[in-house]
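A short write-up of the structure that comes next.
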Amino acid sequence: MSPPDRADLPLRPAVGIALFGPDGRVFIGRRLRGQVGTWQMPQGGIDEGEAPLGAALRELVEETGIDAVRVLAELPEWLTYELPPDTDPLPRWASRYRGQRQRWFAMRFLGTDASIDLATEHPEFDAWRWIPLAETPALVVPFKRSVYQRVAEAFAPFGLRSPEA
């Protein structure tokens, strides 16, 4: 039996997190798996029966060790991307999905840099830094760029230092 045509595969339900530090910059990590050496904000799949916010909080802990956050906003629409045919290596979920539909959240980090721990059970990142949100689209793989541009536009107000931070 031949594998299904990629165009017939569904989009994987997933989440993304724009995690804002107290000074308004966002957390970005350098990929350890998949598109090695590229940067992205924390993101991951939604498990069956899991709500998007629950998935976002779980993924944040799994990828960064961070659990001290306050949710600021949720994008009301799903953002999508498809994996280009020449993606190498393909993510482990690519045999079942042609790309992702992601629900994005803005969160404020309430901890300290010392509480960030990339040495998780299944590490995603080998380095991290805080950068202005507007710079994130230029650092991600090209097929995710439009998603990051929309996130940067929608969550731009949180990049400003706010009195409640």
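Could you check the simple spin-label distance between Asp126 and Glu48, using points 7 Å along Cα→Cβ, in nm with one decimal?
Distance between label points: 3.5 nm.
Could you check which residue among Gly99, Gly21, Gly49 shows the biggest mean-square fluctuation in a GNM of the chain with a 10 Å Cα cutoff?
Gly49
Could you tell me which residue out of Trp130, Ala106, Val147 lies farthest along the dipole of the stretch 106-150 toward its positive end? Charges go on the beta carbon: Lys and Arg +1, Asp and Glu -1, centred on the Cα centre.
Positive-end residue among those listed: Val147.
Can you tell me the orientation of helix 145-154 relative to the chain, as the angle in degrees between its alpha-carbon axis and the longest Cα principal axis, to the nearest 10?
Here the helix axis deviates by roughly 30 degrees.
Translational diffusion coefficient, Stokes-Einstein: compute it for the stretch 34-165 using the Kirkwood radius over C-alpha pairs as Rh, at 25 °C and 0.890 mPa s, and state it as an integer in µm² s⁻¹. Display every interim value, and only then the final one.
Values: Rh = 15.9 Å.
In µm²/s, the coefficient rounds to 154.
What length, rounded to one decimal in nm, is gained on full extension from Thr38 through to Arg150, with 0.36 nm per residue of separation minus their alpha-carbon distance? Don't jump to the answer; show the numbers that get you there.
Working: separation 112, 0.36 × 112 = 40.32 nm, distance 1.90 nm.
Residue separation times 0.36 nm, minus the Cα-Cα distance, leaves 38.4 nm.
Any chance you could give the angle, 0 to 90 degrees and rounded to 10, that helix 52-64 forms with the longest Cα principal axis of the chain?
80
Assign unit charges at the C-beta atoms only (+1 for Lys and Arg, -1 for Asp and Glu), then state the dipole size of the chain relative to its Cα centre in Debye, rounded to the nearest 20.
On the way: 19 positive and 23 negative charges, 71 e Å.
For the chain, the charge dipole is close to 340 debye.
Estimate the FRET efficiency between Glu62 and Ala138 by the formula 1/(1 + (r/R0)^6), using the beta-carbon distance for r and 22 Å for R0, to the nearest 0.05.
Values: r = 26 Å, r/R0 = 1.18.
E between Glu62 and Ala138, to the nearest 0.05, is 0.25.
For the stretch 3-69, what is the charge dipole size about the Cα centre, in debye to the nearest 20, if Lys and Arg each add +1 at the Cβ and Asp and Glu each add -1 at the Cβ? It would help to have the intermediate numbers written out before the result.
Working: 7 positive and 10 negative charges, 75 e Å.
For this selection, approximately 360 debye.
Percentage of Cα-Cα pair distances in the stretch 51-111 greater than 18 Å, rounded to whole percent? Display every interim value, and only then the final one.
Working: 883 of 1830 pairs.
For the stretch 51-111, the share of Cα pairs beyond 18 Å comes to 48 percent.
May I ask you to list the GluC sites (Glu not before Pro) in the stretch 52-154 that are in a DSSP loop and have at most 14 other Cβ atoms within 10 Å of their Cβ? Write down the numbers at each step before the final one.
Details: sites: Glu59, Glu62, Glu63, Glu74, Glu77, Glu82, Glu121, Glu124, Glu135, Glu153; in loops: Glu77, Glu121, Glu124.
Here the sparse-neighbourhood loop sites are Glu77, Glu121.
Values quoted throughout were computed directly from the atomic coordinates according to the rules given, and no laboratory measurement underlies them. What you see is a predicted model; the values in this text were computed from it and never measured. Backbone-built Cβ (ideal geometry, glycine too); neighbour counts: all protein chains shown.
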